[in-house]
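What follows is a short report on a single structure.
The values are calculated or read from the model by the stated rules, or taken from the named source; none is laboratory data. In this text the structure is predicted, and so the values were computed from the model without any measurement. Cβ atoms come from the backbone with ideal geometry, glycine included; neighbour counts cover every protein chain shown.
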Ligand code: SAH
Ligand code: SF4
């Protein structure tokens, strides 16, 4: 085996297979997993309970490496955002949101996104590439280390800075299924992060066949980006709806619930002034989700240049939420976190892109084709699972 494998992306089976290739017993894979993910170790030499020969093999054939950090910003409210370099001018964002009783990490699965939702700046900038499993897991690995999770004293105190992981960063996780699945398995593995299925949430724009596969392969908590109560409007806002319309999506949600770790689907709904936020929309929405046990998370639209859209006024959002609450649906309004570092709006990645574009323009002007081929950094989207409740929900 000549290629260097990044062990961050191998789940228990994958790691056991590699270890077998290296002539090692399966328990070595478990040992490795604990070193890498629980202790945050990347230096094979430091893994002292592995045989010296095996450490030499690892040094030649494997690595544990997270993408380089381009920026690391901490907000006054404790929200922390990393901008990570995944090569070829692409940057992805990872956001940590601490709260009194938990800490959530929001991770990305693609550089850019092909779904192209009307209100999403990631989508507006097109699809660059899928992240590999190791690049998805690296976000958690890096954040855990940065937050001191490998520290024996912290572990002894039973402190866990990251208690929840949400796949709500850049990209559509279910359009990068294999890597997302491998990452999920590592997140849940007791020898790695040991997160419970209820504390890991995949957010999707509604890739129906893959919702079914996730249900069979690794059912974790599911959030569905709904955004519209009827097909005509959703076709416009979430173009994937033309392929998987609402009736199919609702049926997939019901099937998912048969195996889901929580007994509800979270519907995300971006509040767009005059587009999807009227009383009539709320009434239609209630009819649509009648047969799907669910909670709603209303997300005030996060504007970006030339979107042509506006955020619904606070009163409108409150009234919309109240209509859902009055019908018995637990509803939250997503609260702004980390505004002072633009943790919600992907501005840092945007700046990288602007710089790259600038470089492209000047390269073109100078007739430098090589430099002009650089692709742009991508802008991440609001990943703010911190909520203000409109009614006390059961969710933790
Ligand atoms: N692709 C997945 C997950 C990433 S997007 C999905 O669409 O579900 C995470 C959430 O942010 C989604 O609910 C998405 O609709 C929402 N979002 C995207 N752009 C937004 C914006 N400009 N303002 C508010 N929410 C936005
Ligand atoms: Fe992609 Fe989600 Fe943005 Fe839609 S909202 S373009 S699916 S990242």
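Table for the structure above
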| quantity | calculated |
| --- | --- |
| Top-ranked residue in the stretch 218-237 [being within 12 Å of ligand 1 (Cβ to nearest atom) and in a loop (DSSP other than H, G, I, E, B); ranked as farthest from the chain's Cα centre (by Cα)] | 228 |
| Of the criteria (1) over 28 Å from residue 209 (Cβ atoms); (2) touching a strand residue (DSSP E or B) at 6+ places or on another chain (Cβ under 8 Å); (3) in a loop (DSSP other than H, G, I, E, B), which one residue 276 fails | (1) |
| Listing of helices (runs of 4 or more DSSP H) fully contained in the stretch 120-217 that carry 2 or more residues being crowded, with 20+ Cβ neighbours inside 10 Å and within 16 Å of ligand 1 (Cβ to nearest atom) | 121-124, 133-146, 177-188, 208-217 |
| Verdict on residue 92 being crowded, with 19+ Cβ neighbours inside 10 Å and away from ligand 1 (no atom under 11 Å from the Cβ) | yes |
| Residue satisfying condition, being in contact with a strand residue (DSSP E or B) (Cβ under 7 Å, 6 or more places away or on another chain) and in a loop (DSSP other than H, G, I, E, B), within set 65, 71 | 65 |
| Conditions (1) at pLDDT 95 or above; (2) within 10 Å of ligand 1 (Cβ to nearest atom): number failed by residue 247 | (2) |
| Residue list for the stretch 250-273, restricted to those being more than 21 Å from residue 330 (Cβ to Cβ), in a loop (DSSP other than H, G, I, E, B) and touching a strand residue (DSSP E or B) at 6+ places or on another chain (Cβ under 8 Å) | 273 |
| Test: residue 92 is in contact (Cβ under 8 Å) with a residue 40 or more places away in the chain and within 16 Å of ligand 2 (Cβ to nearest atom) | yes |
| So residue 182, is it farther than 25 Å from residue 121 by Cα and either in contact (Cβ under 8 Å) with a residue 24 or more places away in the chain or touching a helix residue (DSSP H, G or I) at 6+ places or on another chain (Cβ under 8 Å) (or both) | yes |
| Verdict on residue 68 being surrounded by fewer than 23 Cβ atoms within 10 Å (Cβ to Cβ) and under 18 Å from residue 147 (Cα atoms) | yes |
| Any chance residue 187 is at pLDDT 95 or above, away from ligand 2 (no atom under 15 Å from the Cβ) and within 16 Å of the chain's Cα centre (by Cα) | yes |
| Neighbours by Cβ (under 7 Å, 6+ apart or cross-chain): first from the stretch 193-213, within 15 Å of residue 102 (Cα to Cα); second in a loop (DSSP other than H, G, I, E, B) and away from ligand 2 (no atom under 12 Å from the Cβ) | 198/261; 198/262; 199/163; 200/220; 201/220 |
| Subset of the stretch 95-110 (residues that are crowded, with 22+ Cβ neighbours inside 10 Å, more than 13 Å from ligand 1 (Cβ to nearest atom) and over 24 Å from residue 271 (Cβ atoms)) | 96, 105 |
